[in-house]
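J.: One structure, as structure tokens, below. Some questions next.
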Amino acid sequence: MEQLDERVGAVKGLVVVIDDSLTIRKLLDICLRRAGHQVQCFQDGVEAFRWLSLPEAVAPALVLVDLNLPKMDGYEIIRLLKAKPAFAQTIFVILSQRDGILDRLKGRLVGAHAYLTKPFKTDQIIAVIRTSLEDTVPGPQGAMRRGEHEAVSSEDTADSHTPAGVFPPR
């Protein structure tokens, strides 16, 4: 919680990272802060849900969530948070080692905006976050981008930064 600061005008929005791997949390924290985002990290879904349910908690612009978490899996976190009106505009991106069609489908059904697979490159994460957050921008540019939901895997961007479209608009 001490990671949250008062530089709201200087940041692009709060990004919450929920992953049980300390290495992944630290890596994402560093790369997202360098990209200008405010970041809050949690090691499991229960801790994240408890903090996000506090009255003084700020609804994040985007949540990066792993599927394989102790206590509560990523699908359940997304389902519980999306049920709260305060998170109606929050974008959920799954970050997982699972790469099966059923995993991706289940992610889509719970309301994930994108699905990224591990291992990943940090520029993939930044690109998907940037595109996802631009989708919510009001006005003509945001309206034009609203249907461009994306998901990538490590194979998609071996030599390029063009993500493959997986989650078309509903």
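J.: Considering only C-alpha atoms, what is the centroid distance from region 73-89 to region 118-137, in Å?
T.: Taking the Cα centre of each part, region 73-89 and region 118-137 sit 20 Å apart.
J.: Right, next: Taking a cut-off of 17 Å between Cα atoms, list the lysines near LYS26, but don't count ones fewer than 8 places away on the same chain.
T.: LYS118, LYS121
J.: Taking K and R as +1 and D and E as -1, what net charge do the other residues with C-beta under 13 Å from the C-beta of ASP73 add up to?
T.: -2
J.: Going by average Cβ density within 10 Å per residue, which order do the peptides 89-95, 78-84, 19-25, 112-118 take, highest to lowest?
T.: Sorting 89-95, 78-84, 19-25, 112-118 by mean packing, highest first, produces 112-118, 89-95, 78-84, 19-25.
J.: If you don't mind, another one. Would you mind computing, in nm to one decimal, how far apart the modelled labels at SER53 and LYS71 are, each placed 7 Å from Cα along Cα→Cβ?
T.: Result: 1.1 nm between the two label points.
J.: Any chance you could run the full-extension gain for ARG34 through THR131? It's 0.36 nm times the residue separation minus the Cα-Cα distance, nm to one decimal.
T.: 33.2 nm
Bear in mind these aren't lab numbers, they're just calculated from the coordinates by the rules spelled out. Note that the structure is a prediction, hence the values are computed from the model and not measured. For neighbour counting, all protein chains shown are included, and Cβ atoms are generated from backbone atoms with ideal geometry for every residue, glycine included.
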